[in-house]
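Step one of this worksheet: look at the structure below.
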2 protein chains.
Amino acid sequence: MQNVTIGDVAKAAGVSPATVSRVLNANQGVADELRQRVVAAVDQLGYQPNSQARSLRTRATSVLGLIISDITNPFFPEIARGVEDAAHAAGFSVVLANTDEDLAKEQRYLEVAAAERMAGVVLAPASSAETDIGVLRSRGIPVVTVDRRLLGHPVDSVTVDNLAAAREATLYLVGTGCRRIGFVGGPLATTTAADRLAGYREGLAEAGLPFDPDLVAHGDYRIDGGRTASKHLLQLSPDALFVSNNLMTIGAITALDDAGLRHPHDIALVGFDDQTWQTGLLPPLTLVTQPTYELGKRAATALLDRIRTPEAPPNDVVLPATLAVHEPRR
Amino acid sequence: MQNVTIGDVAKAAGVSPATVSRVLNANQGVADELRQRVVAAVDQLGYQPNSQARSLRTRATSVLGLIISDITNPFFPEIARGVEDAAHAAGFSVVLANTDEDLAKEQRYLEVAAAERMAGVVLAPASSAETDIGVLRSRGIPVVTVDRRLLGHPVDSVTVDNLAAAREATLYLVGTGCRRIGFVGGPLATTTAADRLAGYREGLAEAGLPFDPDLVAHGDYRIDGGRTASKHLLQLSPDALFVSNNLMTIGAITALDDAGLRHPHDIALVGFDDQTWQTGLLPPLTLVTQPTYELGKRAATALLDRIRTPEAPPNDVVLPATLAVHEPRR
């Protein structure tokens with residue numbers, strides 16, 4: 001087995017060694033028919049590509065991993081659809097793993113991706129500082145983070161401009177006359193939560209309003225966490241709540257309900273993400289909307305680019321998030 | 001490489017050959033520390049288990065595949081959580097793939113699962129008749145279907161009693177005085193859609209009402225399909241709609257809205273699945289509710305049982321679905 005060379009594979013497949021190399025390096029531009037012949041010859045001869053190429057698939061189907069942090073948040077299935085569409089168009093399959101924002105589970109799935117020698121991984125890291133992608137990097141498996149960034153790892157990322165979006169939402173609330181804006185933030189281990197909090201603070205500063213740490217409560221990016229954080233803030237009589245995630249926005253609405261408060265009559269409310277509202281069944285609400293599907297699509301594209309050109313410098317793609325104003329009359 | 005025996009692995013790992021065999025056969029009851037030593041020895045020596053055991057993992061992490069048909073339907077992420085929890089408790093990881101009810105995508109992911117030599121696959125098949133699991137069966141990789149059954153393949157399944165649930169919902173509507181009950185069905189290629197339609201017909205027959213094929217419209221288990229099917233049925237002036245899937249229920253509500261009809265004043269409505277209603281933001285509705293998380297958990301348990309005892313006869317687990325009556329006053 002150890003004596004099989006790239007030349008033997010080329011001969012068996014009836015192609016040039018350069019074509020074998022292009023297939024092994026997952027380069028585009030090799031006709032499917034040739035690619036299949038090469039893959040069949042690799043399998044038949046048991047050819048082992050060298051360690052540089054080891055991370056690349058030598059099977060008929062090339063597989064990308066997508067590791068997300070909460071499959072029950074509709075944001076991530078939408079990301080997944082974007083990743084899948086871009087991957088499928090390039091001849092790759094996508095397998096998905098759900099970490100539940102749990103670092104141990106995340107590490108386990110990073111190890112699975114390494115053991116399976118996936119062609120690359122799109123990752124929404126559970127923690128900007130503690131997530132450790134070393135197991136992939138040591139095997140030369142490229143990683144692109146999506147939605148969130150990793151600090152201290154020079155890898156590609158595809159995110160939205162959370163800071164600008166949160167700043168804009170805060171200034172919008174100030175513009176409607178709000179002065180005591182409660183902020184429901186997310187888990188600070190994520191860059192999304194840190195950036196959105198920073199945007200809220202920038203918005204306040206730009207409007208000449210003081211930052212009051214008491215008016216900030218952090219939830220877990222889930223319904224119940226948003227409800228609890230909102231309930232806490234409502235005791236401080238804010239004139240607005242800005243909720244920095246979709247599921248927590250649902251939690252905030254139930255908290256207003258519990259407190260007998262009506263939006264926008266008694267308190268202003270701005271939420272995040274519009275998937276849940278796309279059913280057409282919920283009351284209108286001003287929301288920071290993210291190009292979720294596009295985030296996934298661009299992340300897969302960035303990963304495919306990285307697979308083709310491993311040596312290019314890391315690239316951060318930042319997409320805009322926009323404030324969609326939908327207010328019922330007061 | 002071909003000369004490495006199970007005895008060599010046992011010697012290198014400092015365990016008995018029986019322990020190596022237990023690890024290779026994914027049996028429980030081997031201490032983690034021993035398991036890791038065996039897996040390390042297998043990797044180091046490049047030991048190839050025989051063809052019977054080839055489908056079982058020889059890496060540090062054992063992986064189950066979960067192939068679902070629509071990741072954007074919250075029903076399936078909830079299934080996934082059940083599968084994950086049961087798998088993790090047994091030391092397995094789960095990777096997920098989404099077929100979008102597309103047979104070609106599904107076949108591709110079955111091939112990925114085979115190429116990756118996954119320990120087993122939980123599958124919600126896109127089609128009861130056309131889904132082909134041959135690529136897994138030929139490699140001895142066990143399959144358990146969840147939510148839906150496969151016809152013509154003797155594999156384990158974990159489903160709910162869709163027929164009984166649809167029959168009960170139909171009889172409930174008859175009991176409230178409805179006589180022209182429109183039925184919004186799903187894609188008939190799935191056993192869930194066929195069983196729910198059969199239950200609707202049984203309910204009508206039991207109530208002595210005629211079955212009118214005009215009062216049946218089929219959607220695609222998505223919001224828009226439910227809206228279109230409901231819109232069509234509403235032209236026939238039914239006194240009730242029974243919608244056989246969660247997303248199509250949302251579509252039906254928007255169709256009622258479009259037509260200026262109010263439930264329950266103008267028309268009765270019974271829907272399916274309660275995930276979307278768990279947010280607490282939607283009006284109350286009588287729903288057929290499935291033990292979704294439990295479905296996933298039981299499917300993973302059945303798969304783990306199957307991995308341990310490949311020769312046992314196939315088993316169909318059928319969980320009850322219940323009618324949860326939540327009616328606003330007329």
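The values are calculated or read from the model by the stated rules, or taken from the named source; none is laboratory data. Only a predicted model underlies this, so the values are computations on that prediction, with no experimental measurement involved. Don't worry about glycine lacking a Cβ; one is built from the backbone with ideal geometry, like all the others, and counts go over all protein chains shown.
Values for this structure:
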quantity: Residue within segment A:67-83 that is within 13 Å of chain B (Cβ to nearest Cβ) and over 27 Å from A:Asp224 (Cα atoms) present; calculated: yes
quantity: Options B:Ala80, B:Ala87, B:Ala104; residue that is free of Cβ contacts under 8 Å to residues at least 60 places away in the same chain and either under 24 Å from B:Thr191 (Cβ atoms) or not in a strand (DSSP E or B) (or both); calculated: B:Ala104
quantity: Residue list for segment A:224-242, filter: within 14 Å of chain B (Cβ to nearest Cβ), of a type outside the set (Gly, Ala, Ser) and surrounded by 23 or more Cβ atoms within 10 Å (Cβ to Cβ); calculated: A:Arg227
quantity: Any hit, segment A:140-158, residues being within 14 Å of another protein chain (Cβ to nearest Cβ) and closer than 26 Å to B:Ala114 by Cα; calculated: no
quantity: Residue match in segment A:34-54 (condition: closer than 26 Å to B:Ala90 by Cβ, within 10 Å of another protein chain (Cβ to nearest Cβ) and either in a helix (DSSP H, G or I) or modelled with pLDDT of 80 or more (or both)); calculated: no
quantity: Candidates A:Val216, A:Val243 - the one that is in contact with a helix residue (DSSP H, G or I) (Cβ under 6 Å, 6 or more places away or on another chain) and modelled with pLDDT of 95 or more; calculated: A:Val243
quantity: Residue in segment A:267-326 that is nearest to A:Asn246 (Cα to Cα), counting only those that are within 14 Å of chain B (Cβ to nearest Cβ) and small (Gly, Ala, Ser); calculated: A:Gly271
quantity: Yes/no for B:Gly280 being among the small types (Gly, Ala, Ser), in contact with an Asp or Glu (Cβ under 9 Å, 6 or more places away or on another chain) and modelled with pLDDT of 95 or more; calculated: no
